Amino acid sequence: MEAVKAKFEAWRQRPKPRKPFPNKLWHDVFRLQAQYKLTKILTTLRLTRAQFMHKRAVLLGEPDCLAEKTPPKPSPSRASVATDFISVELAATGMVNHQDNKQLVSPMVFGIELTRPDDKVLKIHQLPTSAVDALIHRLLLAVNPVDFRKGIDSLIALCQQHLNEDAYSGTIFVFTNKRRIAVKLLVYDGQGFWLCMKRFSQGQLKWWPKADTRTYTLNAQALQVLLYQGHPQRAAMSDDWKPVVVQ
């Protein structure tokens with residue numbers, strides 16, 4: 001295990017841009033399964049289950065369980081919700097260089113199937129991860145300031161009762177305090193809640209929405225500008241070259 005780990009770490013230290021891990025390293029990983037549990041292998045080598053399953057499918061000809069997994073049927077309570085589509089199936093191809101967040105050597109591409117209640121299926125092929133994030137997540141700013149003594153449970157209640165939003169929907173909720181010297185982000189990932197906070201060492205937010213509504217919709221680029229005390233409405237950002245649409 002330590003010898004294989006040393007090979008992976010040596011490859012990660014190579015000058016950028018790095019190529020994906022060579023196939024011979026992956027074969028070393030597969031051989032470790034005879035001695036160690038998969039969880040220990042992935043943790044020690046800093047690999048993801050998606051990477052491992054995809055490589056087994058490519059190099060050993062085994063089915064990619066993660067890509068072919070059939071989603072569970074929605075419960076009647078979920079199906080009764082007023083919505084156009086009730087289930088989403090994601091299938092991933094390609095690899096992501098998780099060790100280099102700035103440059104994806106071989107970005108993962110998704111195919112999405114949207115199943116309607118009448119069993120009609122719409123398919124989207126060759127959808128990059130950035131587009132998947134845009135479809136899954138939405139960003140909502142709470143217009144009114146929040147008491148930052150509130151923790152996860154209090155903010156969940158605020159979302160549900162005051163903002164009239166489902167805190168479990170995967171929406172990223174953004175809050176600030178009266179002095180605008182800090183920002184909190186709350187999001188549910190399917191297993192639990194993440195609560196992130198940034199307190200500015202100097203200065204305060206230069207912009208926060210003033211609206212008659214309780215929430216304000218923001219995109220990911222504008223949020224990054226906001227988190228660095230910028231002014232999203234004055235930022236010179238290009239529009240999307242080609243918006244993602246369902247065909």
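Some notes on this structure:
- Where labels lie 7 Å past Cα in the beta-carbon direction, separation of Phe200 and Gln33 in nm: 5.2 nm
- A full extension of the chain between Met237 and Asp212 corresponds to an added length of 6.4 nm, given 0.36 nm per residue minus the alpha carbon distance.
- Between Ser169 and Ala10, the FRET efficiency estimated from the beta carbon spacing at R0 = 45 angstrom works out to 0.55.
No value in this document is a laboratory result; all are computed from the given coordinates. Computed from a predicted structure; not experimentally measured. Quick reminder, even Gly has a Cβ in these numbers, built from the backbone with ideal geometry, and neighbours come from all protein chains shown.
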